[in-house]
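Structure record follows, encoded as structure tokens.
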Amino acid sequence: MPLSLPAALLAGCTAALLLQPASAASPGERRTSAGGGTVTSLPLAGGPGLAPRGTRPFELLGVGWDGPADALAGGSVRVRTRNADTGDWSDWHALEADTEDGPDRAPHGTPRGATAPLWTGRSDGVAVEVRPGPAGPPPGLRLELVDPGRGAAAAPAARSLPAGPADGGQAPRPAIVTRAGWGADESLRDQTFEYTGPVREVFVHHTATATDYACADAPRVIRAIYQYHVQSNGWRDIGYNFLVDRCGTVYEGRAGGVDQPVHGAHTLGFNTDSAGAAAIGTYLTDSPPQPLLDGLAAIAAWKLGLTAQPADGHTKLTSASDASRYPKGTVVDFDAISGHRDAFTTECPGTALYAQLPALRAAATKLQTPQPPPT
């Protein structure tokens, strides 16, 4: 999750979007459906002073545009949403320009930018305010409203990978909810897989979504992020390799095999030879629950253990992007379990979660340590 835009940069013209009632489509509205869910794309064409109106139901939103990820630099985006159950309107929420998550190269050669997604819960109304930066509003500026739906159906046997024993003294595999388990519509993603070299690094993230969600709703959050990453951002799949909810449940992220070095889109410049594990929630000041920390330690210990990488060791990675914290070509020495902010100037994974990384490394190291047989 990137740093907030400075308040001093918020000057400039303001564009507000008035959405039509749910029964009427707005001009230029585009909807795509998949796995029982939908993404509604609405152009942000300007027009200050318009009041908010109703929309089709959604649970996550973001703002996207055509062109470079930094096209909104020096500007701001904020939104208000209406609770579908109570009819109450939220306060204004700032959306943060999401410039550091994503692939190291634009998919299919076409750059797109987007804010970080905001999980709103069930909503049926929205207002948007955009204050462009010095370059003006980027082309194709649009609001993306995501309804995760019920998800694709899965056979019970396909819903999860049970915990597995340690192999060769490495950490045991934690139970992992499969993509089928959280209802991924596999027709959305690119049908081919990309792999890197052996995974020698795990970057810890947070999703910058709501923290007080019910764990039973975590699959809905993941489906919404998946749809946003693929249909709104144009990525080949969800960016993270793994996600962990506040109850400690581990979920498979990007497709290609949990035991394989799947090339993710989680840490710009350092997606090669690494895996991204995202804590579902926002942990700037909220303390991460212990089960969540345990889940992150378990998946990091197992994933690193597959290549005999000590969880308390170090890894040298080479930056693949000048847009990262380090110029392209720079060799950086990381802790084997690092935070997103170690590779990019960002708040992610939140100050409260980042402070727990030393303890998380220690817990992962303990999981990798062969235990004596019971006597």
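The values are calculated or read from the model by the stated rules, or taken from the named source; none is laboratory data. Here the structure is a predicted model, which is why all the values come from computation and not from measurement. All Cβ positions, even for glycine, are placed from backbone atoms using ideal geometry, and neighbour counts span all protein chains on display.
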- Check region 154-161 and report whether any residue there is modelled with pLDDT under 85, touching a Leu at 6+ places or on another chain (Cβ under 8 Å) and not acidic (Asp, Glu). no
- Candidate set from region 272-287 (those that are under 21 Å from LEU360 (Cβ atoms) and not small (Gly, Ala, Ser)); member that is nearest to the chain's Cα centre (by Cα): ILE280
- Task: Starting from residues that are touching a residue at least 40 places away in the same chain (Cβ under 8 Å) and over 22 Å from the mean Cα position of the chain (by Cα), keep the ones in region 76-88 and report whichever is surrounded by the fewest Cβ atoms within 10 Å (Cβ to Cβ).
- Result: ASN83
- Message: Residue pairs, Cβ under 8 Å, 6 or more apart or interchain, first in region 124-153 and under 12 Å from GLY64 (Cα atoms), second surrounded by fewer than 23 Cβ atoms within 10 Å (Cβ to Cβ) and among the charged types (D, E, K, R). List them.
- Response: PRO138/ASP66; PRO139/ASP66; GLY140/ASP66; LEU145/ARG56
- Item | Qualifying residue in region 23-34 (condition: part of a loop (DSSP other than H, G, I, E, B), at pLDDT below 85, surrounded by 14 or more Cβ atoms within 10 Å (Cβ to Cβ) and of a type outside the set (A, V, I, L, M)) | yes
- Task: Could you check, for region 224-246, whether at least one of its residues is buried (at least 19 other Cβ atoms within 10 Å of the Cβ), of a type in the set (Gly, Ala, Ser) and farther than 20 Å from ARG112 by Cα?
- Result: no
- Is it the case that region 106-114 has a residue that's in contact with a Leu (Cβ under 6 Å, 6 or more places away or on another chain) and either surrounded by fewer than 20 Cβ atoms within 10 Å (Cβ to Cβ) or modelled with pLDDT under 85 (or both)? no
- Item | Of residues in region 43-100 being among the polar types (S, T, N, Q) and in a strand (DSSP E or B), the one modelled with the lowest pLDDT | SER76
- Message: Consider region 195-221. How many of its residues are assigned to a helix (DSSP H, G or I), in contact (Cβ under 8 Å) with a residue 60 or more places away in the chain and among the hydrophobic types (A, V, I, L, M, F, W, C)?
- Response: 2
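Here is a yes/no grid of residues against (1) touching a strand residue (DSSP E or B) at 6+ places or on another chain (Cβ under 6 Å); (2) among the polar types (S, T, N, Q); (3) at positive phi; (4) assigned by TED's automatic domain parsing to the domain that holds ALA279:
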position	(1), (2), (3), (4)
PRO198	no, no, no, yes
THR211	no, yes, no, yes
TYR226	no, no, no, yes
GLN231	yes, yes, no, yes
ASN241	yes, yes, no, yes
- Name the strands (runs of 3 or more DSSP E) wholly inside region 279-375 in which the number of residues that are free of Cβ contacts under 8 Å to residues at least 40 places away in the same chain and surrounded by fewer than 23 Cβ atoms within 10 Å (Cβ to Cβ) is 2 or more. 314-318, 331-335
- Query: Is there a residue in region 244-262 that is within 18 Å of LYS366 (Cβ to Cβ), in a loop (DSSP other than H, G, I, E, B) and touching a residue at least 12 places away in the same chain (Cβ under 8 Å)?
  - Reply: yes
